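The values are calculated or read from the model by the stated rules, or taken from the named source; none is laboratory data. The structure displayed is predicted, hence computed values, not measured ones. Because the Cβ atoms are built from the backbone with ideal geometry, glycine has one as well, and the counts that use them run over all protein chains shown. The protein model used for the area step is the full one, side chains on, heavy atoms only, and it has no ligands, DNA or RNA in it. Shrake-Rupley method; radii C 1.70, N 1.55, O 1.52, S 1.80 Å.
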Amino acid sequence: MATVRHDPLAFCSEALAALDRASLRRTVRSLDSAQEPQVLLEGRRVLLLASNNYLGLATHPKVVEAAIDAARTWGAGTGSARLITGAMRLHEELEAAIAELKGTEDAILFSSGYLANIGALSALVGDGDAIFSDELNHASIIDGARLSRAKVFVYRHADSGHCDALLKAWRARNPRRRALVVSDSIFSMDGDLAPLEDLIESCGQSGAMLMIDEAHATGVIGPGGRGAAAHLGLVGQIPIVMGTLSKALGSAGGFVAGSRTLCAFLRNTARAFIFDTAMPPPTAAAALAAIRVIAEEPARAERARTQATRLASGLAMHGFDLSQPAAAIVPIMVGESDATLDLARRLLDAGVLVPAIRPPTVPTGTARLRATVMATHTDRQIDHAIDMFAHARSQHPGSP
Ligand SMILES: *Cc1c(COP(=O)(O)O)cnc(C)c1O
């Protein structure tokens, strides 16, 4: 019987067409070179203002050599999850180095920051418990919160008073359940710093756990690149400190740093740890070398911050809408998706690669260019980028 059936995947092309119409379609661009201040993009050399390799460590000779040596000694892969036979001495050394960096007793590694958030949140709270989450938290926090099955309360961005009110109201009705407040410490799309002191205070009053995501703070802010908690003098006061090895540390992977008990609990309960193959040796060795480099070369973190300030100040002088950056992320607000894309395209024509960030990554009407700087950008490169921004905008006087 020859029945003509509707293509069951037709919805995919329909969805893509709808994204096209709304200027929201995304495509993956491939580079032909490493994550350095200049990259090869489709045969062209362009200035990269789009990498989270904030300190330039992804190509640091010591980091690269460590990865090569580890591949020779330990192999390319680990062959199983940590709890089976995938754990190597290297993983333990890396966990100890992370704990030392963060000023905690211990740390637990995950294969990515995404998995660290999913693993930790789904292990720490469950049905009947509550999560209080900043509205601009990273997607991996949102997904971890959903996976946990706890009730999720979203508070207004960086509004610790709103968080406190939601927490107290819930606590009054649920005196015995677990509560967890979670926030990026440096926000990934706005680049600002969370009100950590106030969150600590609220959590103390309501008996809630506090978890922070230091993905964009680790390596960049705080003495010795220790992150936002150290920057604010709050080491030891935040029980759950998550971070990544994928950004300033130039490698890949995620971690949760905290007490020995917390880490042992997560090794026993976080499914993203238990059922995931251990981090490859070259990746772990690169991250370990990177932690040593940031201790040896503290000027790198400072340099990344200086370059962010240089870029932000230069753009502000040309009338672009932005605030002073807290770390290495410089968001330039535009508003509508098509105007943002248009500006990004003109910049790329001028040889500057800076991504347009659109909904759903950011709320509707807040599309922006998200520039990030690296310690390895020269002053000339930053100044050139500022000129190109001004030029790109002057070509279309009506637009941002
Ligand atoms: C990038 C990022 C993550 C995910 O880390 P990966 O190591 O890339 O998986 C988590 N949280 C925040 C805030 C991030 O920016």
- Query: About its Cα centre, what dipole magnitude does the chain give when the only charges are +1 on Lys and Arg Cβ and -1 on Asp and Glu Cβ, stated in debye to the nearest 20?
  - Reply: 640
- Taking only the alpha-carbon positions of the chain as identical scatterers, the Debye log10 I(q)/I(0) at q = 0.11, 0.13, 0.14 Å⁻¹ comes out as -0.85, -1.15, -1.28
- Leaving ligands, DNA and RNA out of it, report the carbon-plus-sulfur percent of the accessible area of segment 1-121 at a 1.4 Å probe. 56
- Carbon and sulfur atoms account, in whole percent of the 1.4 Å probe accessible area of segment 225-270, for 53
- All lysines inside 23 Å of Lys151 as judged from Cα atoms, apart from same-chain residues fewer than 8 positions distant: Lys168
- Note on the structure: Distance in Å, no decimals, from the C-alpha centre of segment 58-117 to the one of segment 1-30 is 39
- Query: Taking K and R as +1 and D and E as -1, what net charge do the other residues with C-beta under 11 Å from the C-beta of Pro282 add up to?
  - Reply: -1
- Taking the Cβ of Arg267 as the center, what net charge do the other residues with Cβ under 13 Å away carry, scoring Lys and Arg +1 and Asp and Glu -1? -1
- Note on the structure: Over the Cα atoms of segment 152-282 the radius of gyration and the largest Cα-Cα distance (Dmax), both in Å, equal 15.5, 49
- Task: Mind jotting down the distance between the C-alpha centroids of segment 255-285 and segment 161-229, whole Å?
- Result: 22
- Task: Take the alpha carbon gyration tensor of segment 133-212, find the square roots of its eigenvalues, order them as a ≥ b ≥ c, and report rounded if a/c is under 1.5; if not, report prolate when a/b exceeds b/c, else oblate.
- Result: oblate
- Compute the Cα gyration tensor for segment 55-99, then decide on rounded, prolate or oblate, letting a ≥ b ≥ c be the square roots of its eigenvalues: rounded whenever a/c is under 1.5, prolate when a/b is larger than b/c in the other cases, and oblate in all that remain. oblate
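What shape does segment 1-77 have by the C-alpha gyration tensor, where a ≥ b ≥ c are the square roots of the eigenvalues, rounded means a/c under 1.5, and otherwise prolate means a/b greater than b/c and oblate the rest?
oblate
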- Task: Would you work out the charge dipole size for segment 348-400 about its Cα centre, treating the Cβ of every Lys and Arg as +1 and the Cβ of every Asp and Glu as -1, and quote it to the nearest 20 debye?
- Result: 260
- Query: Ignoring ligands, DNA and RNA, what percent of the accessible area of segment 166-219 is carbon or sulfur (1.4 Å)?
  - Reply: 47
- 1.4 Å probe accessible area per residue over the chain, in Å²: 45
- Qualifying GluC sites (Glu not before Pro) for segment 4-93 [loop in DSSP, other Cβ within 10 Å: at most 10]: Glu42
- Task: Rank Ala66, Leu9, Gly103 by how far each Cα sits towards the positive end of the charge dipole of segment 1-130 (+1 on Lys, Arg Cβ; -1 on Asp, Glu Cβ) and give me just the farthest.
- Result: Leu9
